[in-house]
Structure formats: C-alpha cells, structure tokens
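Trainee: I'd like to ask you about the structure that follows.
The values are calculated or read from the model by the stated rules, or taken from the named source; none is laboratory data. Note that the coordinates shown come from a computational prediction; the quantities given were computed from them, not determined experimentally. A quick note on method: Cβ atoms are made from the backbone with ideal geometry, for glycine too, and the neighbour counts reach across all protein chains shown. Accessible surface areas use protein heavy atoms only, side chains included; no ligands, DNA or RNA. Shrake-Rupley method; radii C 1.70, N 1.55, O 1.52, S 1.80 Å.
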Amino acid sequence: MTPGWLAQRIALPLTGWPLGLLVAAFTLPGLFGHDPWKTEDAVGFGVVWQMITSGDWLTLGLAGEPFYEDGPFYYWASALAVKALAWGLAPHDAARVASAVFLLLALWFVRLAARDLYGKVQGDLSMLALLGCVGLMWHAHETAAENAMLAGLAAAYYGLAISHKKPYKAALAFGCGTGVAFLAKGLMAALQPFAAALLVLPLSGVFRARNYALSVVLGLVVLVPFVTVWPLAAASRAPEYFASWLAWQIASVGTAPGWEDVVYYLKTFAWAAWPVWPLGIWATWEYRRYLRDPGFAVPFLGAIVGIALLLLGVRASEMNALSVLVPLAIPAGAAAVGLRRGAANALAWFSIMTFTLAAGYAWTMWFAALTGIPPQLERNITKLQPGFVFEFQWLPYLVASALTVGWFVLVLRSERSTLRALTHWAAGMTLGWGLATTLALDWIDFGKTYRRVGTSLANQLPNGHGCIESRGLGETQRAVFHYHAGVVTKRAEVYGPTDCPLLLVQARVDGEPPEPGPQWTRVWEGERPRDRERYRLYRRS
C-alpha cells in the first residue's frame, strides 16, 4: 500500500516550509566553492577586495582606480560578510553571502507587496515568478550591486502598496527601499520608485487619500539620510572622487533612446524577464478597465518608468534590465491565478518537459565524465575543458539527488490546478541551476577561474619589482589579477607611457598585437584553457 503522506496531493501554491525549502534550494547552490567568474562576479568582488585591502570604505575602487558605476551599499555589506565569515569561508565565497541576503529580501518584499494588493495566494506566486526569472538565475549568485538594488526596489514598492492603509510603515519601507536602491546603483535605480510614487497620485482615487500623501511625504523624510550622509562625507573627504561619481551618474541618465537600444532590450527581455513579461502583459489586459485600482497602478507605472529609464540610459546592458523585474513580478501572481486552463497547462507541461530533459542530460553528462560511458560524450566533455579530471564527491551528489527527487515528487504529486504553471517553472529553474552548480561546478570553475594564470604570473614577478604598466586589460582581468596575484597595474590607457620596469599585455589569439618594442623582453605568457585571451609579461631591457 502507498503510504498516506505519499498519497496526499501537494497543495498549491507552495507555502510554509515547502516554499522555504524551494527558496533555499535556489539560493544556496552556486554561492560557494568557486573563484570569481567573468564578468560581473569578478568585477564586483574586485571592488570588495579593493575596499578590504585599502581600508577605504568611503570611495569605491577597482584594482587601484576609482569605480563610479555603483554606490557603496552593496560593497559595504559584502565586505562585512568577508570579515565576519573569514573563519570559515574564502573571501570570494563570503562576499556572495550578501547577494543571498539581498535576494531573500527582494523575494520577501515582492511577496508582501503582492499579498497586500491581490491576496495571499497571489503573493506566494509573485515571489515564485521573480525567483523563476531566467535573467535573475545567474546574477543572483554573483557579487553584484544589482542584488541590493532589487531588495531596495521591492521594499519601496511594498511601501507604495500599503500606503493607503498603513502610512507610517509605508513611509519607512518606501524611504528605506528607495534609499538602498540609490546607495546600491545610484540615480537610475532611485528614480524608478520615486517617479512611480508621484505618477500614482493623480491616477488612483484611493491613493489621493490623506494617508497616501502622508506616507509619501514621510517617506521622503526617511530618504533624506540615504541621499545625503554618504554623499556629503564623500564630497568632504574625497571631493574629486565624488564629483566624478556624480558626473558619471548624471551622464548615465537623459540621453535620447536609439533604435539599437530598443531592439537590444526587446531581445533581452524576451529571455531574461521570462516568465514575468508575458504574465505582466496578461495582467495589463485583465486590469485594463481598472486603471485607478492600486493593484494595477503601482506595479504598472513602476514598470513603465523603469523601461523608460532603461531607454534613456547611456549604456544598454542586461544588468540594468534587472531593475524592471520587480514591478513586473508583483502582478505576475495575480496574472497566474487568472490564466486560462489551456495556457496554464501549456506552461506547466513545457516546464515539465524542458527541465526533466535538462536534468536527464545533466546526469548523463556527469555519468559519462566519471565512467567514460558513452565514450563519445566523455570525449566531448574533455574537449570543452582540457586537463580537467572529474572526481566523485558525496556532497554535490547527495544535493543533486535530493533536488532531482524533489522535482519528481512535486511534478507527480502536486494538485492539478492552473497554479501548477508558475510553481513548476520556478521549481524547474531551481532544479536546472542546482544540478549545474553541484554536478558540474568544479568543471565549470576549471574553465572560468583565473587562479592558475594569476598564480603563474605572481611566480614570475621578481621581488621588489616596482610598478607594472599594463595595456589592454579589461575590468575583469584587473580585478582577478589583483586578487590572485596581488598585481595592481598602471594602465597606459589612463596614465600614458610610464617608466615602469615591467609591462603586462592582454592580447587575443585571433588578434595578436605587435611586440611592444625592442626595449621589452618577454619573460612570461599565460592563458586559460580554450580561452581567446592571452597574457604576456615583459621586462624592460
């Protein structure tokens, strides 16, 4: 006979400890056990490492040069995590703990906002919608300031969602959330909830009430310390840095959008914002007659403002597009509840087929790498990472097995309802990410780490070598060489020709630069497996 607990259907949407287990299964794999990877992870950790090694927590720097793209909040949290967890974690692993905390906060506030606007079931589904975003999967596990921005935006929208009922709590959430977004990513991030709050006022009768006005005014008061304390301190102690930071922030907003930017973001949203963008469109259609309803006005205006700011930005980037995920995810739960049965079943079966096949492929790859069966697949795996030897490890195997069993239990035993669609998608994304970062983590890290190149470079540097000029180094390479080799170079692109005794050059296999000149003698060359980047060290003759 089938045990009673196994015969019972799993209630949807997931709530309580099953929901918490799913969130943990998504959050933890991929945070630990690998070096900084190109690009955002390495650059973000490079800023953290500069903060820790220099002792300067007021300004941001990357490998000895000022860094203006972000605010300091995320890097403060990440550096604190490195110091607090130094007893048990490598610095690069500890730094990502901050990302996990901010991801959990973003999921939590999205859930609270959707619950208040639409209902309990919708709130749980909205959290799953954000968790299941394809573009978030990778970046949520990187050392990236965007994770703090997401948490701040989610808190700000939660404040707007409850403003008509709890003005004081709303003011605290809105002010702190907008402030965190500002200190994480600067003006672009803070403008989104701020502009949405002002635009909601004339649209919704509910929000024209005294409570809403009170919450917005008090929220701006709460916001004041966030936008004044660090800027004033930086302007006082590092005026040149702050002036350049502010100029960079202002210059990043206000350009006329080009057709290339529109096409880029259409392509990016098509995959990175799946499944919240189709659910957002469906929610817009469902609420088309209720433009003054707060459940529509708050996230809809936030998404419109966010998209407009992206198009006005100087540089189109996938990371910037993450800011729109929060206002799109909030109504996604309500849209999922209202999906027609045919559409819901189509998404559910698409999720089941896609992620079951992906899991089968991952396990087959792992088995072939360990046993050599089938030999052709094993040879293909070896070609992708020449020199890497797979070894069986119990912990990754047990975690991957638990994720796989959990997936099949959920698929086979969950309720037959339209709520399966979003639940299965979020669980499938968790399964796919979890298997990649357990069964294949060391294999992926072998190709992406710069540790071997950095160590080899450090071994070639003479004692007391003096300054090192560099040419062609990107932000990633500057960050990882600072971490793995202790090398901080003087870039020729910034300082011009120098009299440094050593020269480090980054080249490409398919675009070899000429030798730097007769006064330079090549003493070292390094590269990563199957990488087009090549690094050369020269000594002045």
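Trainee: Would you tally the residues in the stretch 113-151 being farther than 25 Å from Thr15 by Cβ and among the aromatic types (Phe, Trp, Tyr)? I'd like the intermediate steps shown before the answer.
Mentor: We begin by selecting, within the stretch 113-151, every residue farther than 25 Å from Thr15 by Cβ; these are 135, 138-139, 142-146, 148-149.
When the remaining residues are screened for being among the aromatic types (Phe, Trp, Tyr), the result is 138.
Qualifying residue count, the stretch 113-151: 1.
Trainee: Go through Thr53, Thr59, Thr39, Thr15 for me and flag whichever is closer than 17 Å to Glu142 by Cβ and either open to solvent by 10 Å² or more (accessible area, probe 1.4 Å) or of a type in the set (S, T, N, Q) (or both).
Mentor: On the way: Thr53 fails: closer than 17 Å to Glu142 by Cβ; Thr59 fails: closer than 17 Å to Glu142 by Cβ; Thr15 fails: closer than 17 Å to Glu142 by Cβ.
Going through Thr53, Thr59, Thr39, Thr15 in turn, just one is closer than 17 Å to Glu142 by Cβ and either open to solvent by 10 Å² or more (accessible area, probe 1.4 Å) or of a type in the set (S, T, N, Q) (or both): Thr39.
Trainee: Can I ask one more? Restricting to the stretch 344-353, count the residues that are closer than 17 Å to Ala129 by Cβ and either modelled with pLDDT of 95 or more or open to solvent by less than 50 Å² (accessible area, probe 1.4 Å) (or both).
Mentor: Taking the stretch 344-353 first, the residues closer than 17 Å to Ala129 by Cβ are 344, 346-348, 350-351.
Add one more test, that the residue is either modelled with pLDDT of 95 or more or open to solvent by less than 50 Å² (accessible area, probe 1.4 Å) (or both), and what stays is 344, 347-348, 351.
Matching residues across the stretch 344-353 total 4.
Trainee: Which fully enclosed helices (runs of 4 or more DSSP H) of the stretch 211-321 have 2 or more residues being among the charged types (D, E, K, R) and open to solvent by 20 Å² or more (accessible area, probe 1.4 Å)?
Mentor: On the way: elements: 239-251, 259-272, 276-286, 294-312, 318-321.
Because the criterion is at least 2 residues that are among the charged types (D, E, K, R) and open to solvent by 20 Å² or more (accessible area, probe 1.4 Å), the helices (runs of 4 or more DSSP H) in the stretch 211-321 that meet it are 259-272.
Trainee: Pull up the stretch 107-119, narrow it to residues that are open to solvent by 10 Å² or more (accessible area, probe 1.4 Å), touching a residue at least 24 places away in the same chain (Cβ under 8 Å) and part of a helix (DSSP H, G or I), then point me to the one that is farthest from Pro18 (Cα to Cα).
Mentor: Looking at the filtered set, the residue picked out is Leu117.
Trainee: Could you say whether any residue in the stretch 197-209 is assigned to a helix (DSSP H, G or I) and crowded, with 24+ Cβ neighbours inside 10 Å?
Mentor: Quick first cut of the stretch 197-209, residues assigned to a helix (DSSP H, G or I) only: 197-203, 206-208.
From the residues that got through so far, the ones that are crowded, with 24+ Cβ neighbours inside 10 Å too are 197.
Scanning the stretch 197-209, I find at least one residue that is assigned to a helix (DSSP H, G or I) and crowded, with 24+ Cβ neighbours inside 10 Å, so the answer is yes.
Trainee: Taking the condition of being touching a helix residue (DSSP H, G or I) at 6+ places or on another chain (Cβ under 7 Å), among the hydrophobic types (A, V, I, L, M, F, W, C) and over 20 Å from Gly338 (Cα atoms), how many residues in the stretch 263-302 meet it?
Mentor: Final tally of qualifying residues: 4.
Here's the yes/no breakdown for (1) part of a helix (DSSP H, G or I); (2) open to solvent by less than 40 Å² (accessible area, probe 1.4 Å); (3) under 26 Å from Pro13 (Cα atoms):
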site	(1), (2), (3)
Arg379	yes, no, no
Leu398	yes, no, no
Thr404	yes, yes, yes
Ser417	no, yes, yes
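Trainee: Residues in the stretch 517-526: is at least one under 23 Å from Val43 (Cβ atoms) and open to solvent by less than 80 Å² (accessible area, probe 1.4 Å)? Walk me through how you get there before you give the answer.
Mentor: Filtering the stretch 517-526 for residues under 23 Å from Val43 (Cβ atoms) gives 526.
Checking which are open to solvent by less than 80 Å² (accessible area, probe 1.4 Å) leaves us with 526.
Taking every residue of the stretch 517-526 in turn, at least one turns out to be under 23 Å from Val43 (Cβ atoms) and open to solvent by less than 80 Å² (accessible area, probe 1.4 Å).
Trainee: Please specify each residue of the stretch 139-180 satisfying the condition of being in contact (Cβ under 8 Å) with a residue 60 or more places away in the chain, over 14 Å from Val110 (Cβ atoms) and among the hydrophobic types (A, V, I, L, M, F, W, C).
Mentor: Within the stretch 139-180, Ala144, Ala145, Ala148, Val180 meet the criteria.
Trainee: Follow-up question, since we're still on this one. Checking Thr455 against (1) of a type outside the set (Phe, Trp, Tyr); (2) closer than 30 Å to Val389 by Cβ; (3) not in a helix (DSSP H, G or I), only one condition comes out false. Which one?
Mentor: (3)
Trainee: Still on this structure, please answer the following. Looking only at the stretch 127-148, how many residues end up being within 10 Å of the chain's Cα centre (by Cα) and open to solvent by 10 Å² or more (accessible area, probe 1.4 Å)? Before you say what the answer is, go through the steps one by one.
Mentor: Our first condition is that a residue be within 10 Å of the chain's Cα centre (by Cα); within the stretch 127-148, this holds for 135-148.
Then drop every residue that is not open to solvent by 10 Å² or more (accessible area, probe 1.4 Å), which leaves 137-139, 146.
Qualifying residue count for the region: 4.
Trainee: Of all residues in the stretch 499-508, how many are open to solvent by 30 Å² or more (accessible area, probe 1.4 Å) and closer than 22 Å to Gly526 by Cβ? Step through it out loud before you land on a result.
Mentor: As a first pass, look at the stretch 499-508 and keep what is open to solvent by 30 Å² or more (accessible area, probe 1.4 Å): 499, 501, 506, 508.
Narrowing further to those that are closer than 22 Å to Gly526 by Cβ: 501, 506, 508.
Looking only at that region, the number is 3.
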